[in-house]
Structure formats: C-alpha cells, structure tokens
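To start, the structure itself, in structure tokens.
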Amino acid sequence: MLVHNFIESRAEICPDKYALVYTDARLTYGELNQRANCLASYLNHAGVDKGDRVVIVMESSINYVVSYFAVLKAGAVVTALNTASTEIEAKAILMNCTPAAVIIQAKYAHLVTDYIKESNSVKIVIVDNTCANNPLDCGVKQEDFWKVLANTNGHAPDVKLEPNDLAMIIYTSGTTGAPKGVMLSHNNLVANTDSIVEYLELTEYDKVMAILPLTYAYGNSVLLTHMRVGGCVVIDHRFAFPNLILNIMSKEQVTGFSGVPSTYAILMHKTNIAKLKWDHLRYLTQAGGPMAPALTRKILEILPKVRLFVMYGQTEAAARLSYFEPMLHPDKIGSIGKAIPGVTLTVRDEHGNLCQPGQTGEIVAQGDNVMLGYWGRPDETARVLRGGGLHTNDLARIDEDGYFYIVGRRNDIIKVGANRVSPQEIEEVLTAYPDVYEAAAVGVPDELLGEKIKAVVVLKQDANLSECDLLKHCHKYLPPYKVPAILEFRENIPKSPSGKIRRYLLAN
C-alpha cells in the first residue's frame, strides 16, 4: 500500500462522494484523483523524477491536498513548507532539501524567490495565481496551476514505487535550532494511518473539522486517516474566529475535531460551545503537547457524550505513539495512555535498562511508523535511532497498570500551541543584536498556548537598549509565534559549573 492509493481506491469505489470541503468549494474523490493525476503527469513531463523533492508552499486548502497527492503519484517526495516561515527559515529548508520543483501560492513567493534565483536545483515552478496575477521573479520556467490541470491528461503516471520509498519530509525544530527534515516512507505513513483509524474507529461516514496546518505532522495525519476510510475533511484555517469554526462544524454536521491544547482552551473559555447542540459530534483528538488535567475535565463536562482521545507522539513517528481516552479512566487523567496498535513503548534508564513502575526514564518507541531518519543528517539520525528504537528525549514513568505519564523533556524544545520552538534559535537571534551580551529562552506556562516564550537577556556594559527595540529586532528575523512573549533584562544568567544554562531557574 502506498499513500496515494488511499484516494485511488476511493475514486474507484465512491467517485462521487465528497472528499474535501473548503469554504464554499467541494471536491469529490473522483475529482481529487483526476486533478492529482494531471498535476503528477505534468511534474514528470517537466523533469521531476522518482525521489526528487517537491516543495509545496500553500495554505491548507483543496489545492494543497491535490498537490500533496500529485507529488506522491509522480514518485517524488512531498516537502511542505509552513507558510508562517520567515524567508531565512524557508531558505535554510530549501538549501537542505534541494527541491526539483516548487508548487506555490503567489502570495508566498517572497519565501522562495531568492533561493530559486541562486539555486540550480529547481526545474519548474507551478504557481497558483488565484489571489494574484503577477509571475514570480525567479528566472525559472513557470506554469499556472490551473492551466496545468486544464491542459494535462488525467492518466496516472507509471512510476514504480515500493512501500519503503521516501514519501515525505517534514521539517521540525531540533535541539540545535537548525531545521531537521524527518524522512517518512510510504510504509511509515500507512502504518500510522491504519493504527489511528483502528483506535478511533473511523469509517466512511466520518467528517472531520481540520483547522490544523496540513503541513504539520498532526494535520497531515488528520488528512490521511480520513482519506484512508473514504471520509470527508472540512478544511478551514480561520480559527482566529473560533465561533465561526463552531458554526461551520454545526452546518457541516462534522463527527470529529482535532486540536492542540491551546485550541481546546480557546474553545472552552472563549466561545459559545456550551450553548450549542453537538449530537453529530462523535470524537475529539488532542495532541501537540500535554493537556492540563483541568482542561481535560472541562471538555468532559461540556461535551459528556463525545469521546476525547488524548494523544502523544512525535513527527519522527509519523506522528502518533500513544492514546488515552479519559472518559473510560477518569482516575488516570494526566496520562498519555498506552501505545497505539502496532507500536511498542518502553521507559528506559540512561543505560538502556527497562524502568520499573514509578521510575523515570526516556520513552523509547518501536514500530513501522518510526522514521527512516533525518534528511542529510546521519549523525543526528544515529543519535536518535539506536538500539532498535526511536529515542524520544521525553522523560516519563509508567504506573502499575502500564499507563504512561510524561514528566519532562531531555531537550528544551518549547511547545507554543501547535509549534515546536528551539531555545537556541531564539537565543541566536537575540545575541545577534550588537548590545546583547548573552541570552536564554525558556518556555513558561500559558493558559491558551500551553507554553509561551520567555527570554532573559544580559546587555553589554554601558548598553542602552529598550525592550521595544529588541522586540522589533526579533520580529524582523522570527515568525510571530517565535517572538518572546516575555522579555526580561538581568545582570547574569545562572549556569552550572560546566557552563550550561540552568533553564529551570529562569522560568519563574
């Protein structure tokens, strides 16, 4: 089974069934498969070969999904770029993956044009000019997205692929702050998809509200699970207006909803969700960081008949590793549950020995969903994939019944809503300012986002720098979610005898 077989099989079984809903547009499985075939054929004709990387720079939309499956059908590797990236971040990712093609919404052209001008790797740029009519100034052959769909035959390309072939690279922040490309094969994605389908008991009658970016591992899994069973995905990226999303959920009679902890904090405390009827809503899923027990209980109180699945995972696992249904075990709220079907989880000490119940150690995962490695980073791959398992860097304990509880992280990645932020990345931007001597970034609790970024800064002697000036500097080099929410000036930063920053002393 290959990932794009999901829509191919459904196009044969139920071609007229709606696969996607996006604002006022709807697309059937037959139409989705046909459009993906057209775009895939064009990519091959333009010189995109098996194994080439194709970067997609689009908002979550029908066109994004068409592009996603087209790249896979062409035998190429999906490399989706977060549209909230800065030009510096985007260029670093493009330099790492050296794409053969770029499929892009015109309004995000600024993210890629510099790279394309300087690089010899990009053969073709396909532009969706729906919101703009100006071509990209990049010096490479361009084609209009809609003209490709209209002028290319709809036959699927004849590319020979195997389940272990690379399907997707998802970039995630690492402990060094540099972008790391998680390599996921068709088999990785299919294995994780089938496991999630099993425990959520998804069917062709399920319709999910998808507000998470489809470029994000969690959003990608929401898409694939429902394509797998022939369900429907309602795509909308306007969660800045949460009551609008609730109205759409009611209008579309969705059966499922997926979000991160901050999503649920907003729904529970800043919307009229408690006043609406949710007879059609069957399940909720939560991942992307720990859910506060108080928030879990609030959800169960407001939506007592809806199954809530608290989940844990990593992009490196495509991305799910465990799940927990608190409705069935209210005495274990706070747990991440047990391993999903097809995955083995253990807690191990620093020597690799199994921990006993109550002891703290690192979660190590095994399963067909575990990544192939990091693109172009063999040393990092060897550090994480060793001893036959994925070393997650997450510290946990298990209870006598085998339920897992996260107690901390070996690394210091800050989880801001659905985003992972490296402290070092923030620190490098801060210390690039001439008047800054040193800086440290930590995550501190936040009711809506789970965590927000706090930066502690030490200025150089006699420096006269305002908080406003430093924040302007951050906004220049960082996307909004990476800009510190709290900026504090101190005379020094506490360190261990070996010189390592004692971040826990900065969180208060």
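The values are calculated or read from the model by the stated rules, or taken from the named source; none is laboratory data. The shown structure was predicted, so the numbers you read here are calculated from the model rather than taken from an experiment. In this analysis, Cβ positions are derived from the backbone assuming ideal geometry, glycine residues included, and neighbour counts consider all displayed protein chains. For the accessible areas, the whole protein counts, side chains as well, though only heavy atoms, and no ligand, DNA or RNA atoms are used. Shrake-Rupley method; radii C 1.70, N 1.55, O 1.52, S 1.80 Å.
Things worth noting here:
- Meets criteria (more than 20 Å from the chain's Cα centre (by Cα), hydroxyl-bearing (Ser, Thr, Tyr), open to solvent by 30 Å² or more (accessible area, probe 1.4 Å) and at pLDDT 95 or above) for residue 344: yes
- Breaking point among (1) in a loop (DSSP other than H, G, I, E, B); (2) open to solvent by less than 20 Å² (accessible area, probe 1.4 Å), for residue 109: (1)
Conditions (1) part of a loop (DSSP other than H, G, I, E, B); (2) surrounded by fewer than 23 Cβ atoms within 10 Å (Cβ to Cβ); (3) in contact with a helix residue (DSSP H, G or I) (Cβ under 6 Å, 6 or more places away or on another chain), marked per residue:
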position	(1), (2), (3)
33	no, no, yes
40	no, no, yes
43	no, no, no
48	yes, no, no
63	no, no, no
68	no, no, no
71	no, no, no
78	no, no, yes
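- Just one residue in the set 478, 505, 470, 459 is open to solvent by less than 20 Å² (accessible area, probe 1.4 Å) and farther than 25 Å from residue 263 by Cβ; that residue is 470.
- When residues of region 285-312 are limited to those that are open to solvent by 50 Å² or more (accessible area, probe 1.4 Å) and part of a loop (DSSP other than H, G, I, E, B), the one farthest from residue 445 (Cα to Cα): 305
- Odd one out for residue 410, checked against (1) open to solvent by less than 30 Å² (accessible area, probe 1.4 Å); (2) modelled with pLDDT under 95: (1)
- Of all residues in region 150-170, those that are under 21 Å from residue 375 (Cβ atoms) have Cβ atoms under 7 Å from Cβ atoms of residues that are surrounded by fewer than 18 Cβ atoms within 10 Å (Cβ to Cβ), 6 or more apart or on another chain, in 159/50; 163/1; 166/51.
- Test set (1) part of a loop (DSSP other than H, G, I, E, B); (2) open to solvent by less than 50 Å² (accessible area, probe 1.4 Å); (3) within 30 Å of residue 279 (Cα to Cα) - residue 321 fails condition number: (1)
- Selection of region 12-31 for residues being open to solvent by less than 20 Å² (accessible area, probe 1.4 Å) and of a type in the set (A, V, I, L, M) yields 19, 20, 21, 27.
- Test: residue in region 86-95 that is under 30 Å from residue 418 (Cα atoms), of a type outside the set (A, V, I, L, M), crowded, with 17+ Cβ neighbours inside 10 Å and modelled with pLDDT of 95 or more: no
- Count - residues of region 132-155 that are aliphatic (A, V, I, L, M) and either at pLDDT below 85 or over 30 Å from the mean Cα position of the chain (by Cα) (or both): 3
- Among the numbered conditions (1) part of a helix (DSSP H, G or I); (2) touching a helix residue (DSSP H, G or I) at 6+ places or on another chain (Cβ under 8 Å), the only one that residue 55 does not meet is (1).
- Selection within region 242-270 - surrounded by fewer than 19 Cβ atoms within 10 Å (Cβ to Cβ) and modelled with pLDDT under 95: 268, 269, 270
- Single residue of 451, 400 found to be part of a loop (DSSP other than H, G, I, E, B) and either open to solvent by 40 Å² or more (accessible area, probe 1.4 Å) or not small (Gly, Ala, Ser) (or both): 400
- Number of positions in region 358-367 that are out of contact with any Asp or Glu (no Cβ under 8 Å at 6 or more places or on another chain) and surrounded by 19 or more Cβ atoms within 10 Å (Cβ to Cβ): 3
- Residue match in region 264-284 (condition: part of a strand (DSSP E or B), closer than 30 Å to residue 58 by Cα and touching a Leu at 6+ places or on another chain (Cβ under 8 Å)): yes
This table checks each residue for (1) out of contact with any Asp or Glu (no Cβ under 8 Å at 6 or more places or on another chain); (2) part of a helix (DSSP H, G or I); (3) under 23 Å from residue 13 (Cα atoms); (4) not aromatic (Phe, Trp, Tyr).
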residue: 158; (1), (2), (3), (4): yes, no, yes, yes
residue: 162; (1), (2), (3), (4): yes, no, no, yes
residue: 180; (1), (2), (3), (4): no, no, no, yes
residue: 184; (1), (2), (3), (4): yes, no, no, yes
residue: 221; (1), (2), (3), (4): yes, yes, yes, yes
residue: 224; (1), (2), (3), (4): yes, yes, yes, yes
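- Selection status of residue 91, in contact with a Cys (Cβ under 8 Å, 6 or more places away or on another chain), outside any loop (DSSP other than H, G, I, E, B), more than 29 Å from residue 2 (Cβ to Cβ) and basic (Lys, Arg): no
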